[in-house]
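One structure below.
The values are calculated or read from the model by the stated rules, or taken from the named source; none is laboratory data. This one's a predicted model, so the numbers in the text were calculated from it and none came from an experiment. All Cβ positions, even for glycine, are placed from backbone atoms using ideal geometry, and neighbour counts span all protein chains on display. These area figures cover heavy atoms from the full protein model, side chains too; ligands, DNA and RNA do not enter into them. Shrake-Rupley method; radii C 1.70, N 1.55, O 1.52, S 1.80 Å.
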Amino acid sequence: ETIDLYGSSRFANVRPAAALDASLPFEQWPAPVVSSAGQHQLVLAVNICHIAPWGATCGLITGASRALAPAGSLVIYGPFKVGGVCEPESNAQFDRSLRERNHEWGIRDVEALASHAGAHGMALHARKAMPANNFLLRFVKQAIL
């Protein structure tokens with residue numbers, strides 16, 4: 001509701017937020033996304049990767065690569081490891097608690113996301129440190145030559 005309050009209700013070029021299961025194939029994503037594949041400028045995912053199986057993160061990246069136009073951005077916000085290191089200690093404790101609750105959950109490594117994105121025509125263009133030990137990652141879909 002909040003994203004629609006500040007986005008789609010104010011701007012004609014912003015579509016309403018769409019609930020989706022990112023672990024599903026792109027063809028099973030919401031119809032408004034699939035029907036306009038390759039035309040989106042932005043896919044935004046907030047606090048998802050660490051509380052979902054790795055397959056959902058891969059599905060998010062793979063699906064975004066299909067949804068985005070060339071030079072479009074996939075922006076992911078949340079806690080991430082850098083170079084396999086989970087810092088600060090509070091994030092390492094959080095990672096352990098997530099994995100204890102569900103062995104498929106856990107704080108993901110930026111390099112693992114970047115590798116999967118690279119295999120799907122996207123490159124990590126920015127990693128910005130954010131409050132509460134989170135990061136904002138921006139992947140950009142490469143132009144088709």
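Structure values in brief
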item	result
Of all residues in segment 40-52 being closer than 22 Å to residue 97 by Cβ and not polar (S, T, N, Q), the one that is surrounded by the most Cβ atoms within 10 Å (Cβ to Cβ)	49
Test: residue in segment 1-22 that is in a helix (DSSP H, G or I) and modelled with pLDDT of 95 or more	no
Residue 143 open to solvent by 30 Å² or more (accessible area, probe 1.4 Å), farther than 21 Å from residue 24 by Cα and of a type in the set (Gly, Ala, Ser)	yes
Residues of segment 1-34 that turn out to be loosely packed, with under 11 Cβ neighbours inside 10 Å and among the basic types (Lys, Arg), as a count	1
Output for segment 92-111, where each listed residue is open to solvent by 10 Å² or more (accessible area, probe 1.4 Å) and either closer than 17 Å to residue 42 by Cβ or outside any loop (DSSP other than H, G, I, E, B) (or both)	92, 93, 94, 95, 96, 97, 99, 100, 101, 108, 109, 111
Which numbered condition residue 77 misses (of (1) in contact with a helix residue (DSSP H, G or I) (Cβ under 9 Å, 6 or more places away or on another chain); (2) within 22 Å of residue 137 (Cβ to Cβ))	(1)
Pairs, first charged (D, E, K, R) in segment 49-77, second assigned to a helix (DSSP H, G or I) and open to solvent by less than 20 Å² (accessible area, probe 1.4 Å), C-beta under 7 Å, six or more apart	66/26
Near pairs, Cβ below 6 angstrom, 6+ apart or cross-chain, from segment 125-138 (assigned to a strand (DSSP E or B) and open to solvent by less than 100 Å² (accessible area, probe 1.4 Å)) to any residue that is basic (Lys, Arg) and at pLDDT 95 or above	126/138; 135/127; 136/128; 137/127
Which listed residue is touching a helix residue (DSSP H, G or I) at 6+ places or on another chain (Cβ under 6 Å) and either open to solvent by less than 60 Å² (accessible area, probe 1.4 Å) or part of a strand (DSSP E or B) (or both), from 71, 37	37
Residue satisfying condition, being of a type in the set (Asp, Glu) and either closer than 17 Å to residue 22 by Cβ or under 12 Å from the mean Cα position of the chain (by Cα) (or both), within set 89, 104	104
